[in-house]
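Remarks on the structure that follows.
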Amino acid sequence: MATQVNLEPSRDISAPHFPDSYPLCVDLDGTLIRTDSLLETWLIALRRYPLACLAASFTLLRGRNHFKCALSKLALPRVDQLPYSGEVLDLIAREASTGRVVVLATGAAEPIATAVAKHLGNFRAVISTDEQSNCAGGEKARRLAKEFGDKRFYYAGNSSRDLPVWERSAGAVIVNATPGLASRVGASGVPILAEFPRSRRMPRELLRILRVHQWSKNLLVFVAILLSHRFLDLQAWRNASFLFFAMSLCASAAYMVNDVFDLEADRSHKEKSKRPFASGLLSLSFAFWSIPLLLVCAAAISAVLPVSARLWLAGYLIATLTYTLFLKEKLLVDVFLLAGLYTLRVLAGGSATGITISPWTLAFSMFMFLSLAMLKRYSELMATSSATFALPRRNYYRSDLSMLGSLGTASGYISVLVLALYIHSPEVTPLYRHPWLLWSICPLVAYWISRMWIFASRAAIPDDPILFALKDRISYLVAVLCAAMLLMAVISPLTR
């Protein structure tokens, strides 16, 4: 796979000009790559070898360098997938082409640094962390000064930990740093030869990482109110609204966990590689404080709900995290769990509002959402560009397409059958004045399911069918017609 780079146009304040032929030393984390290789290594090791990763944590007692080296023996991120900075790559290539010595000087462990240098091919030497020392801050400054001499090398870095290195350099290249850092470097008397400021798209990336658009799935908590016709029950609407926001915050936290553990899989995907963590537009450290914050806020909001609703909320979070960390790679188990999570939202809504969910609603939900879960996997397979024709971190192959299509469409049509049986059941009579009008909903739902699967077979649905439906005018039309038939069945003065 080709090296990923930042495709935004360069925003450096000036084209770098180095007055002398001194070596150019380039930092790795946050400078050459828009991520933290130590955090990525730890996440990969934690997912693949949790016990060995825990044992490696005890090496911190001996020093940070021992911890880095221990982790690098367990796992390494794919260097061909790392989110490289386009500006820094251009700088390295230009200076290397002039014959200047370019050195990768990093606090990352030696195996990672060596792999990156070998992959890019423009580095003459690598200075990195080993068993003897942690090559960061003052130690990095000492090693570079010893190797090249004081004020006889240029240095490209990104953080305040690089200040000791810049102070002993002949000039600074500042990458992806806060505005105040440049002032501190300038105040030290070191000439700033170039600056590549960090991205200013934080609000947009924050919305993307929280997956606010996915909150629409949590509208299922209001289903109990609608189906029981308690439209004027303000207490029920209040509780369902609190549950909606609490569940949405839990969902955002779970999506963030998914993104940090799915970095390699996301970078193998054409669209998912643009996600904030995978692309490096947001630091991985952001997840380590925002996830607990989201969960604390969710717990605070849910404090006003009945205990049973809070238990459903906790069950939703546990099930979502279990899916992300363990069950995502299990054949069929993953789609059944996804369908179950949709149905769980309906049950949680009933618990929060004190409304009993009927077996008919549960049966319809399970089969309908099982169809949509399989449609999601089907669409992902249709869009995959993997050489093995398999989904990364999923146990599905292109050869499974026909079977997924059969199972998914069958599940969808079973949900229509459940709806038809419900309309014909005695439970309908007390709720609807004219239940015969509900029959028109069956062909509408069958049409919508058929259309979605046909679009999926044409590779016209990118990944998530729910998000596709939210942007699809025909889906809205079907929803409006179903709602109109439902309302007419309740209040229509028509007679049979």
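In plain terms, the residue of MET247, MET256, MET485 with the fewest other Cβ atoms within 10 Å comes first and the most crowded comes last, giving MET485, MET256, MET247.
Note on the chain: antiparallel DSSP beta bridges, both residues inside, total approximately 10 percent of the bridges counted.
For the stretch 213-265, the Stokes-Einstein estimate of translational diffusion at 10 °C and a viscosity of 1.306 mPa s comes to 127 µm²/s, using the Kirkwood hydrodynamic radius over alpha-carbon pairs.
Using a Förster distance of 25 Å, how high is the FRET efficiency between ARG204 and PHE336, based on the Cβ-Cβ distance and rounded to 0.05? For ARG204 and PHE336, the calculated efficiency is 0.10. P(r) for the stretch 125-228, from all Cα pairs and a bin width of 10 Å, is 13, 31, 19, 13, 9, 8, 5, 1 %, short bins first. For the stretch 4-196, the dipole from Cβ point charges (+1 on Lys and Arg, -1 on Asp and Glu) about the Cα centre works out to 500 debye, to the nearest 20. Out of every Cα-Cα pair that the stretch 392-494 contains, those further apart than 16 angstrom amount to 65 percent. For the stretch 4-196, the calculated P(r) over all alpha carbon pairs, in 10 Å bins from 0 to the bin holding the longest distance, is 9, 37, 36, 15, 3, 0 percent.
Taking the Cβ-Cβ separation of ARG64 and THR114 as r and a Förster radius of 22 Å, what is the calculated FRET efficiency to the nearest 0.05?
0.70
Given Cβ point charges of +1 (Lys, Arg) and -1 (Asp, Glu) and nothing else, what value in debye, to the nearest 20, does the dipole of the chain about its Cα centre take?
On the way: 51 positive and 35 negative charges, 95 e Å.
Dipole about the Cα centre, nearest 20: 460 debye.
Taking the number of Cβ atoms within 10 Å of each Cβ as an exposure proxy, the fewest-first ranking of ILE491, ILE291 is ILE491, ILE291.
3J(HN,Hα) couplings calculated from phi for the stretch 151-159 with the Karplus curve 6.51 cos²θ - 1.76 cosθ + 1.60 (θ = phi - 60°) are, in sequence order, 6, 10, 8, 9, 9, 10, x, 9, 10 Hz; Gly and Pro show x. Between ASP150 and ASP463, the simple label model (points 7 Å from Cα in the Cβ direction) yields a spacing of 5.2 nm.
Which FRET efficiency value, to the nearest 0.05, is calculated for THR98 and SER188 with the Förster distance at 30 angstrom and r the Cβ-Cβ distance?
Values: r = 27 Å, r/R0 = 0.91.
After rounding to 0.05, the efficiency reads 0.65.
Assuming charge only on the beta carbon of Lys and Arg (+1) and of Asp and Glu (-1), the dipole of the stretch 190-331 about its Cα centre is about 280 debye to the nearest 20.
Rg/Rh for the chain to two decimals, with Rh computed the Kirkwood way over all alpha-carbon pairs. Intermediate values should be presented prior to the final figure.
Working: Rg = 27.8 Å, Rh = 25.7 Å.
Here the Rg-to-Rh quotient is 1.08.
Taking a Cβ cut-off of under 14 Å around VAL490, the surrounding Lys, Arg, Asp and Glu residues balance to a net charge of +2, with basic ones at +1 and acidic ones at -1. Eigen-decomposition of the gyration tensor built on the alpha-carbon atoms of the stretch 93-149 gives equivalent ellipsoid semi-axes of 20, 15, 7 angstrom, largest listed first. Scanning residues 5 or more positions from GLU195 or on other chains, those with amide H under 5 Å from its amide H are ILE13, SER14, ILE174, with H placed 1.01 Å from N in the peptide plane.
In a fully extended conformation the segment linking ARG230 and VAL212 would gain 3.7 nm over its present Cα-Cα distance, using 0.36 nm per residue. Note on the chain: dipole from Cβ charges, positive end direction compared against GLY149, MET366, LEU226; the farthest Cα belongs to LEU226. Mind putting together the pair-distance distribution for the stretch 202-491? All Cα pairs, 5 Å bins, whole percent per bin, short to long. Result returned by the calculation: 1, 5, 11, 15, 17, 17, 14, 10, 6, 3, 1, 0. If a/c stays under 1.5 just call it rounded; otherwise compare a/b with b/c (prolate if a/b is bigger, oblate if not). Do that for the stretch 271-341, with a ≥ b ≥ c from the square roots of the Cα gyration tensor eigenvalues. It comes out oblate by the Cα gyration axes.
Using just the C-alpha positions of the stretch 293-419 as equal point scatterers, what log10 of I(q)/I(0) does the Debye formula give at each q in 0.10, 0.13 1/Å? Debye intensities relative to I(0), on a log10 scale: -0.40, -0.64. Would you please state the base-10 log of I(q)/I(0) at q = 0.10, 0.24 1/Å for the stretch 210-322, with intensities from the Debye formula using one equal scatterer on every alpha carbon? Debye intensities relative to I(0), on a log10 scale: -0.35, -1.33.
For the chain, the longest principal axis of the alpha carbon atoms and the long axis of helix 441-457 meet at an angle near 30°.
Every read-out reported here was derived from the displayed coordinates using simple, explicitly stated rules and does not represent laboratory data. What you see is a predicted model; the values in this text were computed from it and never measured. Cβ atoms come from the backbone with ideal geometry, glycine included; neighbour counts cover every protein chain shown.
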